[in-house]
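What follows is one structure encoded as C-alpha coordinates, with my remarks underneath.
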Amino acid sequence: MISSPKRLPLAVAALLGATAAQGAEPVKVGVLQSLSGTMAISEVTVKNAEIMAIDEINAKGGVMGRRIVAIVEDGASDPATFAQKAGKLIQQQQVATVFGGWTSASRKAMLPVFQRTNNLLWYPVQFEGNECSPNIIYTGAQPNQQIVPALNWAAQKGRKRYFLVGSDYVFPRTANLILKKQIAARKLAVVGEEYVPLGGTDFSAVVAKIRAAKPDIIFSTLNGDSNVSFFKQMAAAGLSSAQIPVMSFSIAEQEAQAMGPQLVKGSYATWNYFQSMPTPANRAFVAAYKKRFGAGAAITDPMVHGYVNVYLWKAAVEKARSFDPTAVRKAAAAMPAIPSPMGPVRLAGNQSLHQRAYVGQLDPAGQFRIISRSDQEIAPNPYDRLAFPGKTCTLN
(Lines give C-alpha, C1' and ligand atoms only; values in the text may rest on other atoms or scores of the structure.)
Protein backbone atom coordinates (compact mmCIF):
# COMPACT_ATOMS: atom_id res chain seq x y z
CA MET A 1 0.00 0.00 0.00
CA ILE A 2 1.33 3.41 -0.94
CA SER A 3 1.17 5.96 1.85
CA SER A 4 -0.75 9.16 1.30
CA PRO A 5 1.54 12.21 1.04
CA LYS A 6 -0.44 13.69 3.94
CA ARG A 7 0.86 10.90 6.17
CA LEU A 8 4.51 11.30 5.22
CA PRO A 9 6.87 12.95 7.68
CA LEU A 10 7.05 16.69 7.09
CA ALA A 11 10.70 16.58 6.01
CA VAL A 12 9.94 13.91 3.39
CA ALA A 13 6.85 15.78 2.17
CA ALA A 14 8.92 18.95 1.87
CA LEU A 15 11.57 17.05 -0.09
CA LEU A 16 8.93 15.64 -2.47
CA GLY A 17 7.45 19.10 -2.91
CA ALA A 18 10.84 20.59 -3.58
CA THR A 19 11.56 17.86 -6.11
CA ALA A 20 8.29 18.60 -7.91
CA ALA A 21 9.13 22.30 -7.95
CA GLN A 22 12.50 21.55 -9.47
CA GLY A 23 10.77 19.84 -12.40
CA ALA A 24 8.69 22.87 -13.39
CA GLU A 25 9.86 26.07 -15.01
CA PRO A 26 11.02 28.46 -12.26
CA VAL A 27 9.28 31.77 -11.67
CA LYS A 28 11.58 34.78 -11.40
CA VAL A 29 11.06 37.56 -8.84
CA GLY A 30 13.06 40.73 -8.29
CA VAL A 31 14.75 41.69 -5.00
CA LEU A 32 15.76 45.35 -5.23
CA GLN A 33 17.42 46.93 -2.17
CA SER A 34 20.38 49.23 -1.53
CA LEU A 35 23.41 46.98 -1.20
CA SER A 36 25.71 50.01 -1.29
CA GLY A 37 25.55 53.69 -0.30
CA THR A 38 24.10 55.39 2.77
CA MET A 39 21.05 53.10 3.02
CA ALA A 40 23.01 49.83 2.87
CA ILE A 41 23.24 49.88 6.68
CA SER A 42 19.49 49.22 6.73
CA GLU A 43 18.64 47.50 3.45
CA VAL A 44 21.16 44.67 3.09
CA THR A 45 19.43 42.76 5.87
CA VAL A 46 16.00 43.38 4.33
CA LYS A 47 17.36 41.64 1.25
CA ASN A 48 18.59 38.81 3.47
CA ALA A 49 15.14 38.35 5.02
CA GLU A 50 13.44 38.35 1.60
CA ILE A 51 15.89 35.73 0.29
CA MET A 52 15.37 33.65 3.43
CA ALA A 53 11.61 33.58 2.83
CA ILE A 54 12.15 32.60 -0.82
CA ASP A 55 14.48 29.76 0.20
CA GLU A 56 11.99 28.53 2.84
CA ILE A 57 9.18 28.47 0.27
CA ASN A 58 11.38 26.66 -2.27
CA ALA A 59 12.30 24.06 0.36
CA LYS A 60 8.58 23.30 0.75
CA GLY A 61 7.81 23.00 -2.96
CA GLY A 62 7.83 26.55 -4.27
CA VAL A 63 4.71 28.42 -5.34
CA MET A 64 2.12 26.66 -7.52
CA GLY A 65 4.67 23.88 -7.98
CA ARG A 66 7.32 26.25 -9.34
CA ARG A 67 10.66 27.09 -7.78
CA ILE A 68 11.24 30.80 -7.12
CA VAL A 69 14.43 32.33 -8.52
CA ALA A 70 15.45 35.65 -6.96
CA ILE A 71 17.11 38.18 -9.27
CA VAL A 72 18.92 40.54 -6.87
CA GLU A 73 19.75 44.12 -7.89
CA ASP A 74 21.46 46.98 -6.02
CA GLY A 75 19.51 50.24 -5.84
CA ALA A 76 22.72 51.88 -4.51
CA SER A 77 20.79 54.35 -2.27
CA ASP A 78 19.96 56.34 -5.40
CA PRO A 79 16.35 56.88 -6.59
CA ALA A 80 17.30 57.03 -10.29
CA THR A 81 19.16 53.74 -9.94
CA PHE A 82 16.12 52.15 -8.26
CA ALA A 83 13.95 53.20 -11.21
CA GLN A 84 16.48 51.92 -13.76
CA LYS A 85 16.90 48.58 -11.96
CA ALA A 86 13.13 48.14 -11.57
CA GLY A 87 12.74 48.58 -15.32
CA LYS A 88 15.56 46.10 -15.93
CA LEU A 89 13.98 43.50 -13.66
CA ILE A 90 10.54 43.80 -15.26
CA GLN A 91 11.40 44.28 -18.92
CA GLN A 92 14.66 42.36 -19.33
CA GLN A 93 14.38 39.71 -16.62
CA GLN A 94 10.59 39.33 -16.98
CA VAL A 95 10.10 38.96 -13.22
CA ALA A 96 6.62 38.19 -11.91
CA THR A 97 6.90 40.76 -9.13
CA VAL A 98 9.47 42.83 -7.18
CA PHE A 99 10.22 43.01 -3.45
CA GLY A 100 12.12 46.07 -2.26
CA GLY A 101 12.73 49.75 -1.71
CA TRP A 102 13.26 51.72 1.49
CA THR A 103 13.29 55.49 1.12
CA SER A 104 10.18 57.21 -0.15
CA ALA A 105 12.37 58.86 -2.78
CA SER A 106 13.25 55.42 -4.16
CA ARG A 107 9.61 54.31 -4.06
CA LYS A 108 8.40 57.43 -5.87
CA ALA A 109 11.11 57.00 -8.49
CA MET A 110 10.03 53.39 -9.10
CA LEU A 111 6.28 54.03 -9.11
CA PRO A 112 6.03 55.21 -12.77
CA VAL A 113 7.91 52.09 -13.86
CA PHE A 114 5.46 49.78 -12.10
CA GLN A 115 2.47 51.75 -13.40
CA ARG A 116 3.76 51.75 -16.98
CA THR A 117 4.45 48.01 -16.96
CA ASN A 118 1.48 47.14 -14.71
CA ASN A 119 3.74 45.14 -12.44
CA LEU A 120 3.61 44.99 -8.63
CA LEU A 121 6.06 46.26 -5.96
CA TRP A 122 5.95 44.86 -2.41
CA TYR A 123 7.24 47.76 -0.30
CA PRO A 124 8.35 46.79 3.25
CA VAL A 125 9.02 50.10 5.02
CA GLN A 126 6.95 52.67 6.90
CA PHE A 127 6.02 55.65 4.76
CA GLU A 128 4.52 59.12 4.95
CA GLY A 129 1.21 58.41 3.24
CA ASN A 130 -0.39 60.81 0.77
CA GLU A 131 0.03 58.12 -1.90
CA CYS A 132 -2.11 55.22 -3.03
CA SER A 133 -1.36 53.07 -6.08
CA PRO A 134 -2.70 49.73 -7.30
CA ASN A 135 0.86 48.86 -8.34
CA ILE A 136 2.27 48.92 -4.80
CA ILE A 137 1.49 46.75 -1.76
CA TYR A 138 2.41 49.00 1.19
CA THR A 139 3.05 46.75 4.20
CA GLY A 140 5.12 49.14 6.34
CA ALA A 141 3.37 51.46 8.76
CA GLN A 142 1.05 54.14 7.51
CA PRO A 143 1.26 57.48 9.37
CA ASN A 144 -1.68 56.51 11.59
CA GLN A 145 0.13 53.28 12.52
CA GLN A 146 3.48 54.84 13.57
CA ILE A 147 3.78 58.64 13.65
CA VAL A 148 0.43 59.43 15.26
CA PRO A 149 0.66 56.63 17.89
CA ALA A 150 4.17 57.88 18.82
CA LEU A 151 2.81 61.40 19.31
CA ASN A 152 -0.11 60.09 21.34
CA TRP A 153 2.31 58.26 23.63
CA ALA A 154 4.60 61.29 24.05
CA ALA A 155 1.66 63.59 24.77
CA GLN A 156 0.35 61.16 27.38
CA LYS A 157 3.80 61.28 29.01
CA GLY A 158 3.51 65.05 29.33
CA ARG A 159 5.87 66.04 26.49
CA LYS A 160 4.72 69.48 25.33
CA ARG A 161 7.67 70.93 23.33
CA TYR A 162 8.74 69.04 20.18
CA PHE A 163 11.84 69.47 17.98
CA LEU A 164 11.63 67.86 14.52
CA VAL A 165 14.81 66.78 12.72
CA GLY A 166 14.94 64.82 9.47
CA SER A 167 16.74 63.96 6.28
CA ASP A 168 15.79 66.34 3.49
CA TYR A 169 13.47 64.35 1.26
CA VAL A 170 9.83 63.40 0.94
CA PHE A 171 9.29 61.10 3.96
CA PRO A 172 10.61 63.45 6.66
CA ARG A 173 9.02 66.54 5.06
CA THR A 174 5.58 64.90 4.81
CA ALA A 175 5.83 63.12 8.17
CA ASN A 176 6.66 66.42 9.82
CA LEU A 177 3.78 68.15 8.05
CA ILE A 178 1.48 65.55 9.64
CA LEU A 179 3.20 65.95 13.02
CA LYS A 180 2.85 69.74 12.97
CA LYS A 181 -0.89 69.45 12.24
CA GLN A 182 -1.36 66.81 14.94
CA ILE A 183 0.77 68.69 17.50
CA ALA A 184 -1.17 71.90 16.91
CA ALA A 185 -4.49 70.04 17.27
CA ARG A 186 -3.35 68.90 20.73
CA LYS A 187 -2.35 72.49 21.63
CA LEU A 188 1.31 71.43 22.01
CA ALA A 189 4.32 73.26 20.50
CA VAL A 190 6.91 72.68 17.76
CA VAL A 191 10.03 74.52 18.96
CA GLY A 192 12.28 73.67 16.01
CA GLU A 193 12.37 71.94 12.63
CA GLU A 194 15.64 71.15 10.84
CA TYR A 195 16.71 69.08 7.84
CA VAL A 196 20.04 67.75 6.58
CA PRO A 197 20.73 66.15 3.19
CA LEU A 198 20.21 62.37 3.03
CA GLY A 199 23.55 60.93 4.06
CA GLY A 200 24.60 64.23 5.72
CA THR A 201 26.99 64.04 8.66
CA ASP A 202 27.36 67.61 9.97
CA PHE A 203 24.83 68.25 12.77
CA SER A 204 26.72 70.99 14.59
CA ALA A 205 24.18 73.69 13.72
CA VAL A 206 21.22 71.38 14.42
CA VAL A 207 22.57 70.36 17.82
CA ALA A 208 23.14 74.01 18.72
CA LYS A 209 19.52 74.84 17.84
CA ILE A 210 18.28 71.87 19.89
CA ARG A 211 20.28 73.05 22.90
CA ALA A 212 18.84 76.55 22.55
CA ALA A 213 15.23 75.40 22.03
CA LYS A 214 15.19 73.07 25.06
CA PRO A 215 12.56 70.66 23.69
CA ASP A 216 10.91 68.00 25.85
CA ILE A 217 11.56 65.42 23.09
CA ILE A 218 13.08 65.19 19.59
CA PHE A 219 11.13 63.43 16.85
CA SER A 220 13.70 62.14 14.33
CA THR A 221 12.99 61.16 10.74
CA LEU A 222 16.68 60.88 9.87
CA ASN A 223 17.48 57.95 7.62
CA GLY A 224 20.52 55.79 6.97
CA ASP A 225 23.93 56.36 8.50
CA SER A 226 23.18 60.05 9.22
CA ASN A 227 21.81 58.68 12.48
CA VAL A 228 25.29 57.67 13.58
CA SER A 229 26.61 61.21 13.22
CA PHE A 230 23.53 62.74 14.86
CA PHE A 231 23.69 60.63 18.01
CA LYS A 232 27.47 60.97 18.28
CA GLN A 233 27.31 64.75 18.02
CA MET A 234 24.40 64.92 20.49
CA ALA A 235 26.48 62.88 22.96
CA ALA A 236 29.57 65.00 22.35
CA ALA A 237 27.49 68.09 23.16
CA GLY A 238 26.45 66.53 26.45
CA LEU A 239 22.82 66.01 25.40
CA SER A 240 21.97 62.49 26.59
CA SER A 241 18.67 60.67 26.12
CA ALA A 242 17.97 61.28 29.80
CA GLN A 243 18.13 65.03 29.20
CA ILE A 244 16.42 65.21 25.80
CA PRO A 245 15.01 61.87 24.60
CA VAL A 246 14.82 61.05 20.89
CA MET A 247 11.88 59.25 19.28
CA SER A 248 13.11 57.76 15.99
CA PHE A 249 11.11 56.42 13.07
CA SER A 250 13.97 54.79 11.16
CA ILE A 251 16.27 53.42 13.85
CA ALA A 252 15.75 49.77 14.65
CA GLU A 253 17.78 47.02 16.29
CA GLN A 254 20.48 46.71 13.61
CA GLU A 255 21.08 50.45 13.39
CA ALA A 256 21.42 50.55 17.20
CA GLN A 257 23.86 47.65 17.00
CA ALA A 258 25.86 49.40 14.28
CA MET A 259 26.02 52.68 16.21
CA GLY A 260 26.87 51.01 19.51
CA PRO A 261 24.01 50.47 21.97
CA GLN A 262 25.67 52.63 24.62
CA LEU A 263 25.35 55.63 22.30
CA VAL A 264 21.58 55.31 21.85
CA LYS A 265 20.42 53.51 25.02
CA GLY A 266 17.34 55.06 26.54
CA SER A 267 16.07 56.53 23.27
CA TYR A 268 12.73 55.51 21.76
CA ALA A 269 11.31 54.19 18.52
CA THR A 270 7.83 53.32 17.31
CA TRP A 271 7.33 50.38 14.96
CA ASN A 272 4.90 47.54 14.26
CA TYR A 273 7.48 44.92 15.26
CA PHE A 274 10.38 44.58 17.66
CA GLN A 275 12.79 41.64 17.88
CA SER A 276 11.93 41.32 21.56
CA MET A 277 8.29 40.40 20.88
CA PRO A 278 7.71 37.39 23.19
CA THR A 279 5.66 35.11 20.95
CA PRO A 280 6.50 31.54 19.83
CA ALA A 281 6.23 32.52 16.16
CA ASN A 282 8.67 35.39 16.61
CA ARG A 283 11.09 33.34 18.68
CA ALA A 284 11.14 30.68 15.93
CA PHE A 285 11.75 33.32 13.25
CA VAL A 286 14.55 35.00 15.22
CA ALA A 287 16.22 31.63 15.86
CA ALA A 288 16.02 30.67 12.17
CA TYR A 289 17.45 34.01 11.06
CA LYS A 290 20.31 33.85 13.58
CA LYS A 291 21.09 30.26 12.59
CA ARG A 292 21.52 31.43 9.00
CA PHE A 293 23.15 34.85 9.47
CA GLY A 294 24.94 34.55 12.80
CA ALA A 295 24.12 34.68 16.51
CA GLY A 296 24.82 38.40 16.63
CA ALA A 297 22.40 39.28 13.82
CA ALA A 298 19.69 41.79 14.69
CA ILE A 299 16.17 41.70 13.26
CA THR A 300 14.14 44.83 12.46
CA ASP A 301 10.62 45.84 11.51
CA PRO A 302 11.41 46.40 7.79
CA MET A 303 13.22 43.04 7.65
CA VAL A 304 10.15 41.25 8.99
CA HIS A 305 7.87 43.13 6.62
CA GLY A 306 10.17 42.13 3.73
CA TYR A 307 10.03 38.51 4.89
CA VAL A 308 6.24 38.62 5.30
CA ASN A 309 5.80 40.22 1.87
CA VAL A 310 7.17 37.13 0.14
CA TYR A 311 4.71 34.90 1.98
CA LEU A 312 1.82 37.29 1.25
CA TRP A 313 2.73 37.19 -2.44
CA LYS A 314 2.85 33.37 -2.36
CA ALA A 315 -0.57 33.19 -0.69
CA ALA A 316 -2.03 35.69 -3.16
CA VAL A 317 -0.62 33.80 -6.17
CA GLU A 318 -2.14 30.57 -4.87
CA LYS A 319 -5.48 32.26 -4.22
CA ALA A 320 -5.48 33.85 -7.67
CA ARG A 321 -4.11 30.68 -9.33
CA SER A 322 -2.09 33.12 -11.41
CA PHE A 323 1.15 35.13 -11.42
CA ASP A 324 -0.55 38.02 -13.24
CA PRO A 325 0.09 41.16 -11.13
CA THR A 326 -3.49 42.43 -11.40
CA ALA A 327 -4.96 39.09 -10.35
CA VAL A 328 -2.41 38.78 -7.55
CA ARG A 329 -3.07 42.21 -6.05
CA LYS A 330 -6.83 41.71 -6.13
CA ALA A 331 -6.45 38.33 -4.44
CA ALA A 332 -4.05 39.78 -1.86
CA ALA A 333 -6.52 42.41 -0.69
CA ALA A 334 -9.22 39.78 -0.19
CA MET A 335 -7.21 37.10 1.62
CA PRO A 336 -7.71 35.90 5.19
CA ALA A 337 -4.87 36.47 7.65
CA ILE A 338 -1.69 34.43 7.28
CA PRO A 339 0.71 33.57 10.14
CA SER A 340 3.88 35.65 10.56
CA PRO A 341 6.49 36.58 13.18
CA MET A 342 4.31 39.64 13.89
CA GLY A 343 1.29 37.43 14.50
CA PRO A 344 -1.50 36.88 11.95
CA VAL A 345 -1.39 39.57 9.23
CA ARG A 346 -4.00 40.60 6.68
CA LEU A 347 -4.19 43.26 4.01
CA ALA A 348 -6.92 45.88 3.83
CA GLY A 349 -8.72 46.83 0.62
CA ASN A 350 -6.21 49.67 0.17
CA GLN A 351 -3.35 47.10 -0.12
CA SER A 352 -1.84 47.94 3.28
CA LEU A 353 -1.62 45.91 6.49
CA HIS A 354 -3.80 46.06 9.54
CA GLN A 355 -1.26 46.15 12.40
CA ARG A 356 -0.55 47.24 15.96
CA ALA A 357 1.81 50.07 16.92
CA TYR A 358 4.47 49.47 19.59
CA VAL A 359 6.65 52.02 21.40
CA GLY A 360 10.02 50.62 22.47
CA GLN A 361 12.94 51.95 24.52
CA LEU A 362 16.49 50.85 23.73
CA ASP A 363 18.28 48.91 26.44
CA PRO A 364 22.09 48.69 26.83
CA ALA A 365 22.15 45.50 24.72
CA GLY A 366 20.62 47.26 21.72
CA GLN A 367 17.18 45.68 22.05
CA PHE A 368 13.92 47.56 22.38
CA ARG A 369 11.90 46.96 25.54
CA ILE A 370 8.24 47.32 24.56
CA ILE A 371 6.74 49.96 26.85
CA SER A 372 3.45 50.67 25.09
CA ARG A 373 1.23 49.10 22.43
CA SER A 374 -1.99 50.02 20.70
CA ASP A 375 -5.05 48.36 22.19
CA GLN A 376 -5.90 46.71 18.88
CA GLU A 377 -4.87 46.48 15.25
CA ILE A 378 -5.02 49.84 13.50
CA ALA A 379 -6.70 49.96 10.09
CA PRO A 380 -4.26 51.52 7.56
CA ASN A 381 -5.02 55.02 6.28
CA PRO A 382 -2.44 56.72 4.01
CA TYR A 383 -4.19 60.09 4.25
CA ASP A 384 -3.92 61.85 7.60
CA ARG A 385 -7.25 63.52 8.32
CA LEU A 386 -5.63 66.82 9.37
CA ALA A 387 -2.86 67.05 6.77
CA PHE A 388 -4.88 65.72 3.82
CA PRO A 389 -8.55 66.31 4.69
CA GLY A 390 -11.11 64.65 2.47
CA LYS A 391 -8.67 62.34 0.67
CA THR A 392 -9.20 58.57 0.73
CA CYS A 393 -7.55 55.55 -0.86
CA THR A 394 -9.93 53.44 -2.93
CA LEU A 395 -8.56 50.72 -5.20
CA ASN A 396 -10.28 48.17 -7.40
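The values are calculated or read from the model by the stated rules, or taken from the named source; none is laboratory data. Just so we're clear, the structure is a prediction, and the values are computed from it rather than from any experiment. Using ideal geometry, Cβ is built from the backbone for each residue, glycine included, and neighbour counts are taken over all protein chains shown. Each accessible area value is taken on the protein alone, full model and side chains, heavy atoms only, with ligands, DNA and RNA left out. Shrake-Rupley method; radii C 1.70, N 1.55, O 1.52, S 1.80 Å.
Worth pointing out:
- Working note: Karplus 6.51/-1.76/1.60 with θ = phi - 60° gives segment 365-379 the couplings 8, x, 10, 8, 8, 6, 10, 7, 8, 5, 5, 8, 4, 9, 5 Hz, where Gly and Pro are set to x.
- Taken one residue at a time, the phi angles of segment 312-321 give Karplus couplings (6.51, -1.76, 1.60, θ = phi - 60°) of 5, 4, 4, 4, 5, 4, 5, 5, 6, 6 Hz. Gly and Pro are set to x.
- Mean Cα-pair separation over length for the chain, i.e. relative contact order, pairs under 8 Å, 6 or more apart, %: 18
- Dividing the mean sequence gap of close Cα pairs (under 8 Å, 6+ apart) by how many residues segment 136-239 holds gives a relative contact order of 34 percent.
- Sequentially through segment 107-124, phi angles give Karplus couplings (6.51, -1.76, 1.60; θ = phi - 60°) of 5, 5, 6, 7, 3, x, 5, 5, 5, 5, 9, 6, 9, 10, 9, 9, 9, x Hz, Gly and Pro residues having no value and appearing as x.
- Given their separation in residues at 0.36 nm each and the Cα-Cα distance between them, LYS157 and SER240 gain 28.0 nm when the chain is fully extended.
- Inter-part distance where segment 255-288 and segment 105-150 are each reduced to a Cα centre, Å: 24
- Counted over the chain, the DSSP beta bridges are approximately 30% antiparallel.
- The angle separating the long axis of helix 280-293 from the principal Cα axis of greatest extent in the chain is about 90 degrees.
- Cβ charges +1 (Lys, Arg) and -1 (Asp, Glu), total dipole of segment 153-218, debye: 500
- The helix-based estimate of mean residue ellipticity at 222 nm for the chain, built from -39,500 (n - 2.57) per DSSP H run of four or more residues and divided by its residue count, is -12500 deg cm²/dmol to the nearest 500.
- Cα long-axis angle, helix 226-236 against the chain (0 to 90 degrees, to the nearest 10): 30
- Between HIS354 and LEU386, full extension at 0.36 nm per residue minus the direct alpha carbon distance yields a gain of 9.4 nm.
- Å² per residue, accessible surface of the chain at 1.4 Å: 39
- Portion, in percent, of the accessible area of the chain that falls on carbon or sulfur, probe 1.4 Å: 54
- Relative contact order computed over segment 218-314 (Cα-Cα under 8 Å; 6+ residues apart), in percent: 27
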